[in-house]
Amino acid sequence: MIARTLQDMFKRYRRPGDIVFAVLFLAFSVFLLSQLGEQTQVVKRTKWFAQPGLWPTVAVWCMVLFSFLHWLSSALSDRIDGRWAEVGFWVRSLEYVAYFLIYVLLVPQLGYLPSTMLFAVFLTLRSGFRGSGAIGIAALFGFVVTIVFRAFLQVKIPAGAVYEYLPDSIRAFALTYL
């Protein structure tokens with residue numbers, strides 16, 4: 001379908017939650033702008049285009065400008081119902097952020113292997129997969145990820161406090177590879 005007029009071509013329809021997103025993004029952009037003086041530096045006797053803070057400054061000013069224009073266009077567009085339902089959907093997504101933070105707190109206590117396997121199985125169950133095959137695959141995935149990261153890639157991840165209760169011969173192996 002070809003637009004008949006220029007106004008039809010550039011007609012903007014506000015989506016549910018658009019104004020909330022626009023306000024939040026504008027606030028975040030202004031916050032970043034307020035931090036530029038402390039987080040970037042100006043080096044004397046350096047050309048303006050070689051300054052370390054040039055591109056962050058350009059990027060943040062563009063964020064402020066375009067987020068303001070987004071807010072303005074959202075405010076001027078016709079309102080569509082469903083704003084708070086959309087915002088509720090965004091907030092529900094934070095559930096998985098909370099799960100990850102709990103995982104990060106559990107790793108130093110339980111160790112990387114048990115925490116990763118537990119986390120993978122929990123997320124599988126939380127996603128609605130209840131079959132023994134899905135749970136087995138999740139546990140195997142947690143085990144393989146741990147072995148790859150700790151044994152092959154030699155990623156330094158703190159060992160779990162529960163490893164201290166293992167017998168000496170097993171504890172040395174667990175501290176190194178699990």
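The values are calculated or read from the model by the stated rules, or taken from the named source; none is laboratory data. Note that the structure is predicted; figures quoted are calculated from it, not measured. All Cβ positions, glycine included, derive from the backbone under ideal geometry; neighbour counts span all protein chains shown. When the accessible area is computed, the model is the full protein with side chains, heavy atoms only, and any ligands, DNA or RNA have been set aside. Shrake-Rupley method; radii C 1.70, N 1.55, O 1.52, S 1.80 Å.
What the table shows:
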{"quantity": "Estimated FRET transfer efficiency (Ala134, Glu164; beta-carbon r; R0 41 Å; 0.05)", "calculated": "0.80"}
{"quantity": "Inter-label distance, nm, simple model (7 Å from Cα along the C-beta direction), Gln39/Thr57", "calculated": "1.6 nm"}
{"quantity": "222 nm mean residue ellipticity, helices alone, for the chain (DSSP H n ≥ 4; -39,500 (n - 2.57); rounded to 500)", "calculated": "-22000 deg cm²/dmol"}
{"quantity": "Degrees, to the nearest 10: 18-39 long Cα axis against longest axis of the chain", "calculated": "80 degrees"}
{"quantity": "FRET efficiency, Leu105 to Ile80 (Cβ-Cβ, R0 30 Å, nearest 0.05)", "calculated": "0.15"}
{"quantity": "Descending semi-axes in Å of the stretch 48-110, equivalent ellipsoid built from Cα gyration tensor", "calculated": "33, 29, 4"}
{"quantity": "Highest to lowest packing among 51-62, 36-47, scored as the average C-beta count within 10 Å", "calculated": "51-62, 36-47"}
{"quantity": "Reported label for calculated semi-axes √(5λ) of the Cα gyration tensor in Å given [x] 46, 29, 15; [y] 24, 20, 15; [z] 62, 16, 13", "calculated": "[x]"}
{"quantity": "Surface per residue (accessible, 1.4 Å probe) for the stretch 65-178, Å²", "calculated": "68 Å²"}
